[in-house]
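Contents: one structure, followed by commentary.
What follows draws every value from the coordinates through simple rules; no lab data is involved. These figures come from a predicted structure and were not determined experimentally. Here Cβ is always computed from backbone atoms with ideal geometry, including for glycine, and neighbour counts include all displayed protein chains.
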Amino acid sequence: MERDARGPWGFSVRQHSSYWVFVVHRVSGIALAAFLPLHFWTLGTALQLDAFLAWTEQPMVKAGEWLIVVALAAHLGGGLRVLALEFLAWRDWQKSLAAVAAALTVGVGLAFALAL
């Protein structure tokens, strides 16, 4: 039987918004780590620049670019939140840092989508 982990305030830890920010931060970091070798390989084989640039105009490539920018923004927002939690004295306003990280991610994703 699995125990339900409870935080100090009596609610399930996995229902807390900070848990989901942690999950997004970890998943985006893994996605970025998987993307970088592929990116460097693509740059290394891009000797035929015209063919490569034509390939990048495909809708799936555009969607992939958008996803990687959103993952980067999510990882940046989550990392800034972690730094604030580690190095700043605890204040009540720090509870909203998860919302700020999410807003930063959505804002960057929308700005990049509009620029495509």
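Shown for Val69, Val27: other C-beta atoms within 10 Å of each C-beta, ranked fewest to most, produce the order Val27, Val69. For the stretch 52-95, just say rounded, prolate or oblate: build the C-alpha gyration tensor, square-root its eigenvalues into a ≥ b ≥ c, call rounded for a/c under 1.5, and beyond that prolate if a/b exceeds b/c, oblate if not. Cα axes put the stretch 52-95 in the prolate bin. In terms of surrounding Cβ atoms within a 10 Å radius of their Cβ, Val23, Val108 rank from fewest to most as Val23, Val108.
Would you please report the Å³ per residue occupied by the convex hull of the alpha carbon atoms in the stretch 13-115?
With only Cα atoms used, the stretch 13-115 gives 118 Å³ per residue.
Taking other Cβ atoms within 10 Å as a rough exposure proxy, Ser28, Ser18 sort from fewest to most as Ser18, Ser28.
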